[in-house]
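Undergrad: Take a look at this one; I'll ask things after.
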Amino acid sequence: MKLSKLVLGLSLALGFVAAASAQTTMKISISTAQNSHQGIAIDTFAKEVEKRTGGRYKIQTFYNGALGGERESIEAVQLGTQELAFSSTGPVPNFVPEAKILDVPFLFRDKAHARAVLDGPIGQEMLVKFDAKGFKALAWAENGFRHMTNSKRPVNVPEDLKGLKMRTMENPVHIAAYKGFGIVTTPMAFPEVFTALQQGTVDGQENPLSVIISAKFDQVQKHLSLTGHVYSPAIFLMNKAAYEKLSAADKQAFIDAAKEGTKANRARVDEDDAKGVADLRAKGMTVIDNVDKAKFVTVLAPVNAEFEKQFGKANIDRIRAVK
Ligand code: EAX
């Protein structure tokens, strides 16, 4: 009797020790600062994963491209040297070409439209496309509507963009479109951009207000034009094999945690969009907040016709039709 109690007690204790030590640590990274719309996304994700798995999974967070730029981090996730990454879709088409369509300029009317598309059937179908490439795409999130900055001149009309040397993301759709504006495109990983702007290697760049503010581009750029020329989605990516190792309940926990991350991320983008212009003006930027968007759309018509051919007009129309 006593002995069996002892054995039971011992095995319970051992079981407890085993459970307590069975903590798996995973890494997630972003290219922007912790104090940003992306920082809040991964901080929330990390907290929610720990909470929802009873602390069995711990997520280590890395900011400012500490583990590399977005392309490198996506590569690392594909290889499995890093379990998770949160990235804009900038470099994503190099891994999952189907995602290109989301980077088409002037495709989304506003954030509500973009979010409805990503959260609806089109976005959810797209998430599944990542499976075949070694990823589990946990959830869409947001980088935001991109705007132009430069150190040379105010951009009021598309002609003002002609000949400006601008850093672009390593994204084939963006590069084709910006060439259509007459921009001299220089693709570059995000961690190099501040220095490139500072040293004048490029005249300008384009990014959402959330990124311009958190990266302090106001220190190296004078002019901002609210062109909103393209919406930039973001995504929570996980290594497929690491995801498949999770129990069914833990898989759901990771997906739900990513969704919580997205909520916090979108709320922060809204906040940055609401106060960003005043903030950047106060920091000395000249901001043109009333560009005639129709003119920019018109200049890009030939490029957009090319995109319609490439991605299928019906597919583009399907996105445009979402209410
Ligand atoms: O994801 O590379 C870029 O311009 C991105 O917008 C930035 O890294 C945030």
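The values are calculated or read from the model by the stated rules, or taken from the named source; none is laboratory data. Keep in mind the model is a prediction, meaning the values are calculated, not measured. Methodologically, a virtual Cβ is constructed for each residue, glycine included, from the backbone with ideal geometry; neighbour enumeration extends over all protein chains shown. The accessibility values were calculated without ligands, DNA or RNA, using every heavy atom of the protein model including side chains. Shrake-Rupley method; radii C 1.70, N 1.55, O 1.52, S 1.80 Å.
Undergrad: Run residue 137 past the list (1) open to solvent by less than 20 Å² (accessible area, probe 1.4 Å); (2) in a strand (DSSP E or B); (3) under 25 Å from residue 275 (Cα atoms) and report the number of the one that doesn't hold.
TA: (3)
Undergrad: Cβ-Cβ under 7 Å, sequence separation 6+ or interchain: first residue in the range 225-240 and on the phi > 0 side of the Ramachandran plot and modelled with pLDDT of 95 or more, partner more than 14 Å from the ligand (Cβ to nearest atom) and among the hydrophobic types (A, V, I, L, M, F, W, C). Which pairs?
TA: none
Undergrad: Do the conditions hold for residue 172, that is, is it open to solvent by 10 Å² or more (accessible area, probe 1.4 Å), away from the ligand (no atom under 11 Å from the Cβ) and within 23 Å of residue 92 (Cβ to Cβ)?
TA: Judged against the criteria, residue 172 is a match.
Undergrad: A further question on this structure: Restricting attention to the range 24-61, and to residues there that are in a strand (DSSP E or B) and surrounded by fewer than 17 Cβ atoms within 10 Å (Cβ to Cβ), which single residue is farthest from the ligand (Cβ to nearest atom)?
TA: Restricting to residues being in a strand (DSSP E or B) and surrounded by fewer than 17 Cβ atoms within 10 Å (Cβ to Cβ), the top hit is 24.
Undergrad: Related question: If residue 216 passes every condition in (1) open to solvent by 60 Å² or more (accessible area, probe 1.4 Å); (2) in contact (Cβ under 8 Å) with a residue 60 or more places away in the chain but one, which one does it miss?
TA: It is condition (2) that residue 216 fails.
Every residue, every condition in (1) β-branched (Val, Ile, Thr); (2) open to solvent by 10 Å² or more (accessible area, probe 1.4 Å), yes or no:
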position	(1), (2)
74	yes, no
99	no, no
107	no, no
113	no, no
120	no, yes
128	yes, yes
147	no, yes
159	no, yes
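Undergrad: Among 128, 117, which is the only one that is farther than 27 Å from residue 293 by Cα and over 15 Å from the mean Cα position of the chain (by Cα)? Full working, then the answer.
TA: Numbers: 117 fails: farther than 27 Å from residue 293 by Cα.
Sole residue among the options that is farther than 27 Å from residue 293 by Cα and over 15 Å from the mean Cα position of the chain (by Cα): 128.
Undergrad: Return the pairs, sorted by first residue and then second, in which the second residue is modelled with pLDDT of 95 or more and within 13 Å of the ligand (Cβ to nearest atom), the first residue lies in the range 48-69 and is among the β-branched types (Val, Ile, Thr), the beta carbons are less than 9 Å apart, and the residues are 6+ apart or on different chains.
TA: Close Cβ pairs (under 9 Å, with a partner that is modelled with pLDDT of 95 or more and within 13 Å of the ligand (Cβ to nearest atom)) amount to 59/42; 61/29; 61/30; 61/39; 61/42.
Undergrad: Okay, next question. So which residues in the range 177-208 are in a helix (DSSP H, G or I), more than 9 Å from the ligand (Cβ to nearest atom), of a type outside the set (Asp, Glu) and surrounded by fewer than 21 Cβ atoms within 10 Å (Cβ to Cβ), if there are any at all? First the steps, then the outcome.
TA: Restricting attention to the range 177-208, the residues satisfying the condition of being in a helix (DSSP H, G or I) are 177-180, 190-198.
If we keep only those that are more than 9 Å from the ligand (Cβ to nearest atom) too, we end up with 177-180, 192, 194-198.
Next, from what is left, pick out any that are of a type outside the set (Asp, Glu): 177-180, 194-198.
Result: 179, 180, 194, 195, 196, 198.
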